Amino acid sequence: MTYRAPVADIAFTLKHGAGLAPTLAQGDGIGADDVDAVLTEAGRFATEVIAPLNSVADRHGTPFKDGAVTTAPGWKAAYRDWAAAGWGAVSLPAQWGGQALPHALNAACIEMWNSASMAFGIGPVLTTGAAEALAAFGSDELKHIYLRKLVSGEWMATMELTEPQAGSDVGALRTKAERAADGSYRITGQKIFITYGEHDLTDNIIHFVLARLPDAPAGNRGISLFLVPKVLVKADGSLGERNDLRAHSVEHKLGIHGSPTCTMVYGDHGGAVGYLVGEENRGLACMFTMMNLARLAVGLQGVGIAERATQQALQYARERKQGRAVGATVQGSSAIIEHPDVKRMLLTMRALTRAARCICYATAGAIDRSHGDGDAAAAANGRAALLTPVAKAYSTDIGVEVASLGVQVHGGMGYIEETGAAQHLRDARIAAIYEGTNGIQALDLVSRKLPLDGGAVVRGYLDELRRTVDAVNAVNDPAFGWTGNRLSEAVDSLDRATTWLLAHLDNEPQAALAGATPYLRLFGNAAGGCMLADEALAAIRLADGDGAARIALARFFAENIAVQASGLEHSVTEGADSVTGAALA
Ligand SMILES: Cc1cc2nc3c(=O)[nH]c(=O)nc-3n(C[C@H](O)[C@H](O)[C@H](O)COP(=O)(O)OP(=O)(O)OC[C@H]3O[C@@H](n4cnc5c(N)ncnc54)[C@H](O)[C@@H]3O)c2cc1C
């Protein structure tokens, strides 16, 4: 079973569930038809070109010999065609060869690349993030030499923070940068777990490396960002000598076998030539440009893998016959989809996937609206900041859960590699870990995002969720069942938990942080439930043919998933002592 891009669903969510129709209409001459055309073509490429390579790369891995990585058969051609079609440039600035289309549209494309293959999708995401950072912070000279090639995909980029002693605590990094007489820098040190650190897809790889100057202050305030090309670039733009850096080894890992994860060594021969991006000691701020986009993109990986796992489980459940369903009217055994427990699993998979999709696209839409000046842009900036950790962590948790349910739907065959269901679960697992673990995202949400603007950012969002609840109640359609009540309770729980956290954050930070992960889940459930209801309401307004199915899914989410809100609320507001006070023997 391979993947078929759900272009119509994606387009609907982009325009309605995530409320982006006005943004898309405002875009530089881009209308709904253009959006559909881009999505259709991306869906075709993902379905026909990338998806068939997913299991090939899983089996092939990324063999490493004499410092070189060989990607799986077919990958080089797929990447070349992908870049030539301009897919790496969708949301990048026109000045450097990008298409300057909305991030929200690119988000939808990123979802499809990652449904097709997470191992493929993660590489270009890092390049896009690097290009954004270079466009925002690089010197004119660096931009002229490197940016067009990154935007066009001719060269790929990496993002290098992690060292053996510096994972979540980036401030502990030790890679050194020394000033050279010609204004460049010499980089020495080691980075681990570097995605696409070495590969054969492009003839140059541009490493974006965090390092510390000799006189830098300790911790996060002493980190600078450097552009360090694998192959040095001559003044005329042609490739020169190899820089003083190499991949030392490639990891063997649980999933995303097609994506090379490398240990990188800098400065065997005195130091790799690096160029400062932004100001000295302000590297983390530049890296955050890359990281925020990369966090959203990793959230989209969760959506992508969940979508693929759901499609596959649905098809299997229609074909596999076992037992006789209660109330079956035909003779013989029933397709397992007819058993209520299997149906519940499939509905859970679909509902969680679509809720996470809404959250991710809404985050991307807020990023689009945040560009520019004025109150609306500032409000959108706050919204994007608030939603980014939720988009990352909720969606990637969903990715793991949905992929696991996918294995369960397949029964024993799910545990056997040949069905592909197991690969989805293996692949999904990393997304909850990299780009800041989901635990770190929850801390970010609670300790940095809730206090934004004295709590006004989160309060404004809660008001918006309440307006959705009111709208569901106002249509008074019996098909919604208990949707209005259950969403209302979920939003109330989120409101109380938010108030509790804001009240405890300063005086009892341990207690507040102990509840960060259940709070993020509560946030995602309340937001996702309301967004699915928004989609259903839009379908009613538009007399969309799918309206009944959208109402049914919103109802399923509200009555079966959003109802977990009160338990999560208690975990946040009452569960802290049993965490902080517990002794782990
Ligand atoms: C396949 C793969 C690809 C990767 N690609 C890249 C890449 O391209 N570039 C790059 O720079 N890195 C990359 N990484 C590294 C990745 O980002 C880190 O592994 C991740 O940030 C976690 O760091 P760590 O592994 O050191 O875990 P640790 O930081 O040791 O964390 C271990 C556990 O402790 C928790 N924890 C740690 N600190 C805190 C805290 N302050 N509060 C609460 N909980 C905490 C974490 O949530 C986690 O559960 C990759 C990793 C893998 C496995």
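This model, with +1 at the C-beta of Lys and Arg and -1 at the C-beta of Asp and Glu, gives the range 240-352 a dipole about its Cα centre of some 840 debye. Principal semi-axes of the equivalent ellipsoid, √(5λ) from the alpha carbon gyration tensor of the range 11-153, are 27, 22, 11 Å from largest down. Label-to-label distance for Thr70 and Lys253 is 2.2 nm, based on points extended 7 Å past Cα in the beta-carbon direction. Using only the Cα atoms of the range 149-253, each taken as one equal point scatterer with no solvent, compute I(q) by the Debye sum, divide by I(0), and report log10 of the ratio at q = 0.11, 0.12, 0.17 Å⁻¹. Reported log10 I(q)/I(0), two decimals: -0.36, -0.43, -0.85.
The residue list Ala181, Tyr275, Ala294 was ranked by how far each Cα lies along the charge dipole of the range 158-313 toward its positive end, using unit charges on Cβ atoms, and Ala294 comes out on top. Taking Cα centre as origin and charging only the Cβ of basic (Lys, Arg, +1) and acidic (Asp, Glu, -1) residues, the dipole magnitude of the range 1-144 rounds to 420 debye. Annotation: the range 474-585 has a Kirkwood hydrodynamic radius of 15.1 angstrom, from the mean reciprocal C-alpha pair distance. When the charge dipole of the range 491-585 is built from unit charges on Cβ atoms (+1 for Lys and Arg, -1 for Asp and Glu) and taken about the Cα centre, the candidate among Asn507, Ala558, Leu542 whose Cα reaches farthest toward its positive end is Leu542.
Expressed as a whole percent, the proportion of Cα-Cα pairs in the chain lying more than 47 Å apart is 12%. Excluding ligands, DNA and RNA, the accessible surface per residue across the range 368-409 is 35 Å² with a 1.4 Å probe. Using the 1.4 Å probe convention, the accessible area of the range 187-266 works out to 37 Å² per residue with neighbouring protein chains retained. Separation of the range 522-585 and the range 221-240, taken as the distance between their Cα centroids, equals 46 angstrom.
Quick check on the chain: helices-only [θ] at 222 nm, where DSSP H runs of length 4 and up contribute -39,500 (n - 2.57) each and the sum goes over total residues. Nearest 500, please. That comes out to -17000 deg cm²/dmol.
Placing +1 on the Cβ of every Lys and Arg and -1 on the Cβ of every Asp and Glu, with no other charges, gives the chain a dipole of roughly 920 debye about its Cα centre. Counting lysine pairs in the chain whose alpha carbons fall under 15 angstrom apart, excluding pairs fewer than 8 residues apart on the same chain, gives 7. By accessible area, using a 1.4 Å probe on protein heavy atoms only, the chain has 52% of its surface on carbon and sulfur. Between Lys321 and Thr437, the modelled label-to-label distance comes to 4.8 nm, taking each label 7 Å out from Cα in the direction of the beta carbon. Counting only alpha carbon atoms, the long axis of helix 75-84 and the longest principal axis of the chain meet at about 90°. Stretch Asp341-Glu279 to full length: gain in nm at 0.36 nm per residue minus the Cα-Cα span? Result: 16.6 nm gained on full extension. Given the C-alpha centroids of the range 450-511 and the range 371-416, what is the distance between them in whole angstrom? Using only Cα atoms, the two centres lie 19 Å from each other. The C-alpha atoms of the chain define a longest principal axis, and helix 516-541 lies at about 60 degrees to it. Annotation: per residue accessible area for the range 16-161 equals 36 Å², rounded to a whole number [probe 1.4 Å, protein chains only].
The values are calculated or read from the model by the stated rules, or taken from the named source; none is laboratory data. These numbers were taken from a predicted model, which means no experiment stands behind them. All Cβ positions, glycine included, derive from the backbone under ideal geometry; neighbour counts span all protein chains shown. These accessible areas exclude ligands, DNA and RNA; they are computed on the full protein's heavy atoms, side chains included. Shrake-Rupley method; radii C 1.70, N 1.55, O 1.52, S 1.80 Å.
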